Amino acid sequence: GKTTLADQFPNPIMLNTDGNRIVDGKGKVIAIKDVVTRTGNAVKVTQAWDVFKNTIEWLETKPGNYRTIVVDLVEDTRRFCRKAIYKKLDVEHEHDAGFGKGYDMVETELLSTWMRLLNLDYEYIILISHEDSSKIITNTAGGQVTCISPNGLPEKLANTLWGRVTAVGRVINNGKRRYISFAVDGVTFG
C-alpha cells in the first residue's frame, strides 16, 4: 500500500529500487538498479548508486511537470552506496578500510546525496521504507514491546535522514483497511 499511496500524489516520478511496481500507476517509474550495456564485446556496468545520483542530477533540471518525487525504497539506496564505496576502496566491508574510514565514507556519500535529493524544489518528496520490527524490548511494567523503525538503516543514519523531513507516517493494514498513522511513542520511530 505504500507505493500505491505515493502514486496518488500530484504528478509523481518513482525512483524504484526493488522492482516492485504498481500496474497502471500514474507516475513515471525510473528503475534504480545496476545497468549493463554492451558495445560489441565490451561490457559496461553502471552501478545502481550511480544511476541514483545521475537521476538526482537530472531531476535538478526540473524535467517535465513532476511535482512529487518518490524514493521506493530508502534502505536500498544505502545498500547501493555501500557497494559503490566497497568497489572504490577495493574492500568487501567498511571495516576492511581501516578504523572508521569505510563507514565514514559510506555515511558521508549517502547523506550528501540524500541532502541533494531533499533540497530539490518539488512540492513533495516521499521516502518509502519497509519497517523493521525485529527489536523487542522490555517495558517498565516488565512486558515485551516491539520497536518499529525503518528497515536496513542504522539508528544514527535514520535519525539524521528523518530529522530533515516534514513528517514520518506508518502505513498500517489492520486486515480491514489501510491507513497512515503519524503517532509517535517510545517504541515507534517518528
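Grab the beta carbon distance between Tyr103 and Arg67, set R0 = 30 Å, and tell me the FRET efficiency rounded to 0.05.
0.25
With the cut-off at 20 Å, tell me which of the pairs Lys135/Lys156; Lys62/Lys83; Lys26/Lys62 have Cα atoms farther apart than that.
Lys62/Lys83
What do you get for GluC sites (Glu not before Pro) in region 29-96 restricted to DSSP loop and a cutoff of at most 14 other Cβ within 10 Å of the site's Cβ?
Glu60, Glu92
Suppose each label sits 7 Å from its Cα in the direction of the beta carbon; what would the Lys26-Arg178 distance come out to in nanometres?
The answer from the label model is 1.6 nm.
First compute the accessible area of region 93-190 with a 1.4 Å probe, then give the percent of it belonging to carbon and sulfur atoms.
That share works out to 50 percent.
D for region 27-132, whole µm²/s, Stokes-Einstein with Kirkwood Rh over alpha-carbon pairs at 20 °C and 1.002 mPa s: what number?
141 µm²/s
In bins 5 Å wide, starting from 0, what share of all Cα pairs of the chain does each bin hold, as a percent?
Per 5 Å bin, starting at zero, the Cα-Cα P(r) for the chain comes out as 1, 7, 14, 17, 19, 16, 12, 8, 4, 2, 1, 0, 0, 0 percent.
Which trypsin sites (Lys or Arg not before Pro) does region 102-177 hold that lie in a coil by DSSP with at most 15 other beta carbons within 10 Å?
Lys135, Arg164, Lys176, Arg177
For the pair Ser133/Val145, report the inter-label distance in nm, with labels modelled 7 Å from Cα in the Cβ direction.
Between Ser133 and Val145, the simple spin-label model gives 1.6 nm.
For region 82-103 and region 144-179, compute the distance between their C-alpha centroids and round to whole Å.
After rounding, the separation between the Cα centres reads 28 Å.
Under the 0.36 nm per residue contour assumption, what length would be gained going from the current alpha-carbon distance of Leu5 and Tyr124 to full extension?
Residue separation times 0.36 nm, minus the Cα-Cα distance, leaves 41.5 nm.
For region 93-169, state what percent of all Cα-Cα pairs lands in each successive 5 Å bin, counting from 0 Å until the bin that includes the largest distance.
3, 12, 18, 19, 16, 14, 10, 6, 2, 0
The values are calculated or read from the model by the stated rules, or taken from the named source; none is laboratory data. The model shown is predicted, which means the values in this text are computed figures rather than measured ones. Positions of Cβ are generated from backbone atoms using ideal geometry, with glycine treated the same way; all protein chains shown enter the neighbour counts. Just the protein is used for accessible areas: all its heavy atoms, side chains included, with ligands, DNA and RNA removed. Shrake-Rupley method; radii C 1.70, N 1.55, O 1.52, S 1.80 Å.
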